[in-house]
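Contents: one structure, followed by commentary.
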Amino acid sequence: MTSTPPTTSDANALDIPDFPAPRSSACPFAPSPELRALTGYGPLTRVRSWGDSTPWAVTGHAEQKALLSDARLSVEFTRPGFPSPVDPAHAHAGSTDLSFVGMDDPEHARLRRMVSGAFTIKRVEAMRPRVQKMADDFIDAMLAGPKPVDLVQALALPIPSLVISEMLGVPYEDHEFFQINSKTIVSAIASPQERQAAHTNLATYLDDLVGRKLTEPGDDLLSSLCTQIESGELTRRQAATMGVLLLLGGHETTANMISLGTLLLLQHPEQLALIRDTDDPAVVRDAVEELLRYLSIVHLGRRRTALEDIEVAGHTIREGDGVILLGELANRDPAVFPEPDRLDLTRNARHHQAFGAGSHHCVGQPLARMELQVVYRTLFRRIPTLRAVDDLDATPFKYDAIIYGLHALPVTW
């Protein structure tokens, strides 16, 4: 990285070849020193990375919140200037039709409404007893089996996979198929061709499933989307790609939060005790929000292109400029979170941006929150002597993925 002062000039943009360099083995739970150094140049500055691209990197919490709600920024990755680590022709290889997440309003809002009703707080809370039973059943199996056990395969991955499978109407017995392909899609080292093939595999699978539900509907979200197909509001392809989005997003992020959050808490036994020893649901809710803030597992930033000039923090983002909103830095903004590098499960961290903000905030956040509350609370209450087998330096962190987490977490008790 250069020491050039922040500027609006492309020529003097900060040079970060491996941007966003999200984590380092020296401190695997926090943003890398290279990324953290961006905050020293103010809440936003130009960076040079990904070839000749010079997008704005936004690090400030207030600036990100404002921009994420600004309709003058577009999420459509095909627009000139959209920041991408690969050639624009392959910017989203394997995900070129990920439904509403890559669309601007009003089409984004129209499609999003077709699924958002399934993720309301009321509906999600009605699922809590079912998720609780899942957690107890998987923990029962852990306790009855040999030690050590990989927590990722025994608990962290199965629970959100089973939850989203039941919601969508996807047979859980196919979980290995969709987990393997999802892992490729979010890999930072897979080739565009490999990601494309993985997405095609999932899209074909979901399309076949939608076809079956058009003739034999069930009580699930995919069947609900089929009614939109029949009314002409949705195409079969759109329904299938929405299914890919929900299936991937519904298990990949939550699974990584479960395993990574568990390891982090094992490193902070005094904080872990707050979850393990409480009977107050509010304490667990606050703890989950702090873990979401502290870990901020979505990498590569939330990327946008300016549709017109925007004035922010004394700078002008010009029409056509790329913008990268770095949630992992916003969530460590000391102006909003005092002592941001300290894990404090009692702090009010609800205003973090782990799920984004504005009209494109994560549609599944109520479900993710509920699952995390159930799993953390149940795991540490049921297995109070849980401990990691390996030291941190031997733990396989997902430095090779855009959704951070753990490839494996051997534990015993």
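The values are calculated or read from the model by the stated rules, or taken from the named source; none is laboratory data. Not measured: the values here are computed from a predicted model. Because the Cβ atoms are built from the backbone with ideal geometry, glycine has one as well, and the counts that use them run over all protein chains shown. Just so you know, the surface numbers come from the protein's heavy atoms only, side chains and all, with ligands and any DNA or RNA stripped out. Shrake-Rupley method; radii C 1.70, N 1.55, O 1.52, S 1.80 Å.
What the table below lists for this structure:
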| quantity | calculated |
| --- | --- |
| Magnitude of the charge dipole, the range 232-323, Cβ model with Lys/Arg +1 and Asp/Glu -1, debye to 20 | 520 |
| Under 5 Å, built H, 5+ apart or other chain: amide partners of residue 50 | 19 |
| Per-residue HN-Hα couplings for the range 248-262 [Karplus 6.51, -1.76, 1.60; θ = phi - 60°; Hz; x = Gly/Pro] | 5, x, x, 10, 5, 5, 5, 4, 5, 5, 4, 5, 5, x, 4 |
| Helix-only mean residue ellipticity at 222 nm for the chain, each DSSP H run of n ≥ 4 adding -39500 (n - 2.57), per residue, nearest 500 | -13500 deg cm²/dmol |
| Relative contact order of the range 175-231, defined on C-alpha pairs under 8 angstrom at six or more residues apart (%) | 23 |
| For the chain: span of alpha carbons on each principal axis (Å, largest first) | 61, 55, 36 |
| Relative packing of 317-327, 111-121, which averages over residues the other C-beta atoms within 10 Å, highest first | 317-327, 111-121 |
| Accessible area of the range 341-399 divided out per residue, in Å², using a probe of 1.4 angstrom | 42 |
| Which of 206, 131, 142, positive extreme of dipole for the chain (C-beta unit charges) | 131 |
| Karplus 3J(HN,Hα) series, Hz, for the range 220-228 with 6.51 cos²θ - 1.76 cosθ + 1.60 (x for Gly, Pro) | 8, 5, 5, 5, 4, 5, 5, 5, 6 |
| Accessible area of the range 333-396 belonging to carbon and sulfur atoms, whole % at 1.4 Å probe | 52 |
| Net charge dipole size for the range 291-339 [Lys, Arg +1 and Asp, Glu -1 on Cβ; Debye, nearest 20] | 280 |
| Karplus 3J(HN,Hα) series, Hz, for the range 187-195 with 6.51 cos²θ - 1.76 cosθ + 1.60 (x for Gly, Pro) | 6, 8, 10, 5, 6, x, 5, 5, 5 |
| For residue 401, distant residues with modelled amide H under 5 Å away | 188 |
| Cα point-scatterer Debye curve for the range 319-396, base-10 log of I(q)/I(0) at q = 0.20, 0.22 Å⁻¹ | -1.18, -1.20 |
| Hydrodynamic radius (Kirkwood) for the range 359-413, which is based on Cα pairs only, to one decimal in Å | 13.7 |
| Whether the range 92-223 is rounded, prolate or oblate, judged on the alpha carbon gyration tensor where a/c under 1.5 counts as rounded | oblate |
| Taking the chain and dividing mean pair separation by its residue count, relative contact order in percent (alpha carbons under 8 Å, at least six apart) | 24 |
| Surface accessible to a 1.4 Å probe, per residue, for the residues of the range 126-268, Å² | 41 |
| Whole-percent carbon and sulfur share, accessible surface of the range 171-316, 1.4 Å | 50 |
| Cα-centred dipole magnitude for the chain, charges only on beta-carbon of K, R (+1) and D, E (-1), debye, nearest 20 | 540 |
| Local net charge near residue 262, Cβ-Cβ under 14 Å (Lys/Arg +1, Asp/Glu -1) | +2 |
| Per residue Cα convex hull volume in Å³ - calculated over the range 147-216 | 94 |
| Options 283, 264, 218, ranked by Cα towards positive dipole end of the range 212-339, top entry (Cβ charges) | 218 |
| Other-chain or far-sequence residues with amide H under 5 Å of residue 406's (modelled H) | 260, 398 |
